[in-house]
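These notes concern the structure reproduced below.
Nothing in this text is a laboratory measurement; each read-out follows from the coordinates by a stated rule. Worth saying up front: this structure is predicted, and the values here are computed from it rather than measured. Ideal geometry is used to build each Cβ from the backbone, glycine not excepted, and the neighbour counts take in all protein chains shown.
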Amino acid sequence: MHAWQLSAGATSLDDLNLVTLDDPTPGPGQVAIRVRACSLNYRDQAIVLGRYLGGPIPAPIVPLSDGAGEVIAVGAGVSRFKVGHRVAGTFFQNWLDGPPNPHMGVALGAAGAPGMLAETVVLPENGIVHIAKSLSYAEAACLPCAGVTAWNALFEGPRPIKPGDRVLVLGTGGVSLLALQLAKAAGCQVIATSSDNAKLDRIKGLGADEGVNYRDVENWGQHIAATFGGVDKVVEVGGAGTVQQSLAALRHNAEIALIGVLNPVGGPNPSALMMTGSIIRGIFVGSRRMAEKLHDAIDANGIKPVVGATFGFEDVKQAYAYATSPSLFSKVVIEVG
């Protein structure tokens with residue numbers, strides 16, 4: 001089979017190569033998946049550049065956590081899946097349910113774990129979910145990391161959103177747009193930020209109630225509080241460099257769901273939490289059960305993940321390059337076959 005492989009010690013796209021590997025065979029408790037589509041996340045860029053957790057990878061890997069396809073073979077003892085089922089992998093292979101814990105296992109597409117950027121992938125039965133019946137493989141491939149992250153941020157933890165809440169999403173990346181769609185389906189108002197007015201127009205077309213250009217409005221958090229009455233939830237993908245603004249945007253008893261790695265420089269003064277009785281909750285994707293609930297909700301509400309750009313399997317390096325360009329909107333999908 002063909003697969004894309006990162007070389008040991010990789011620090012650039014030059015270290016990503018299309019290779020031929022033996023077709024994998026599922027062992028006991030495992031499932032073989034013919035991958036049909038994958039999608040890129042910010043994390044995947046960090047892994048290629050050797051800047052992910054732990055630094056450059058110590059051994060060659062197939063990258064990407066996000067992929068969807070069909071079951072082509074099952075090993076002995078597999079009971080949840082049959083040949084022909086439409087499935088996707090889960091980000092953490094051992095986090096089945098419940099809160100985060102020290103035993104969640106490896107995350108797909110990084111050191112010590114299989115990745116999805118191959119024609120065939122073998123995963124343990126416990127690390128796979130059925131995908132929403134209403135989605136194409138390309139749409140389903142957008143969900144294992146970004147979709148589950150958005151679900152966790154909105155609906156899990158001590159302060160899940162409820163109808164009438166106001167939600168703030170930052171930027172127009174995959175997590176933010178999926179959070180927008182989910183929050184609107186749940187009956188919430190949504191405010192979105194971007195530095196690009198054209199992108200704000202596009203996100204309003206997806207249902208955002210208000211848009212704020214953070215280049216035009218320097219203190220955008222305070223502006224959101226003063227103009228719109230603040231928010232109950234922030235899907236905070238920026239990080240240390242934007243949290244102070246997110247704190248300023250909070251209503252009382254609100255939550256910042258902290259995902260952010262996009263802007264890691266800086267550091268917030270947490271006194272606003274004291275003033276509003278709010279909390280910051282760390283988000284690192286989510287469990288298999290969260291993925292299952294997400295797919296059920298997508299079918300129930302007719303949600304269609306936004307595919308911003310699509311590339312062929314031979315054009316993976318172009319897909320990576322596009323995903324770091326100013327043109328990026330939502331998710332970049334790679335069609336495998």
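Could you please state, rounded to a whole Å, how far the C-alpha centre of segment 290-337 is from the C-alpha centre of segment 168-232?
Using only Cα atoms, the two centres lie 20 Å from each other.
Grab the other residues whose beta carbon is less than 10 angstrom from that of Asn41, score K and R as +1, D and E as -1, and report the net.
0
Could you work out the relative contact order of segment 157-282, using alpha carbon pairs under 8 angstrom and six or more residues apart, expressed as a whole percent?
About 21 percent, as a whole number.
Where does the chain land at 222 nm, in deg cm²/dmol rounded to the nearest 500, when only DSSP H runs of n ≥ 4 count, each adding -39500 (n - 2.57), divided by all residues?
-7000 deg cm²/dmol
In whole percent, what relative contact order does the chain give with Cα contacts below 8 Å and a gap of six or more residues?
Relative contact order for the chain comes out at 18 percent.
Report, in debye and to the nearest 20, how large the dipole of segment 157-282 comes out about its Cα centre when Lys and Arg carry +1 and Asp and Glu carry -1 on their Cβ.
Taking the Cα centre of segment 157-282 as origin, the dipole is about 260 debye.
Could you tell me the largest-minus-smallest coordinate of the C-alpha atoms of segment 127-267 on each of the three principal axes, in descending order and whole angstroms?
On the principal axes, segment 127-267 reaches 43, 35, 32 Å in Cα extent.
Which net charge results when you count Lys and Arg as +1 and Asp and Glu as -1 among the other residues whose beta-carbon is under 13 Å from that of Pro99?
Residues near Pro99 contribute 0 overall.
Can you check what the net charge comes to around Glu139, using other residues whose Cβ is under 14 Å from the Cβ of Glu139 (Lys, Arg +1; Asp, Glu -1)?
So the surrounding residues net to +2.
Within segment 226-251, what residues put their amide N at less than 19 Å from the label point 7 Å along the Cα-to-Cβ vector of Met275?
Residues 226-234, 241-251 fall inside that zone.
Given the pairs Lys133/Lys317; Lys199/Lys304; Lys82/Lys293; Lys184/Lys317; Lys133/Lys199; Lys204/Lys317, which are separated by over 27 angstrom at their Cα positions?
Lys133/Lys317; Lys184/Lys317; Lys133/Lys199; Lys204/Lys317
Asp201 versus Ala240, label points 7 Å from Cα toward the beta carbon: distance in nm?
If labels sit at Asp201 and Ala240, their model points lie 3.8 nm apart.
Based only on Cα atoms, what Rg/Rh ratio does the chain have, Rh being taken as Kirkwood's radius?
Result: Rg/Rh = 0.97.
Sorted by average packing, counted as other Cβ atoms within 10 angstrom per residue and highest first, what order do 319-328, 194-203 take?
Taking the mean over residues of other Cβ atoms within 10 Å, the ranking is 194-203, 319-328.
Which of Ser246, Gln181, Gly230 sits farthest toward the positive end of the charge dipole of segment 157-282, with +1 on the Cβ of Lys and Arg and -1 on the Cβ of Asp and Glu?
Value: Gln181.
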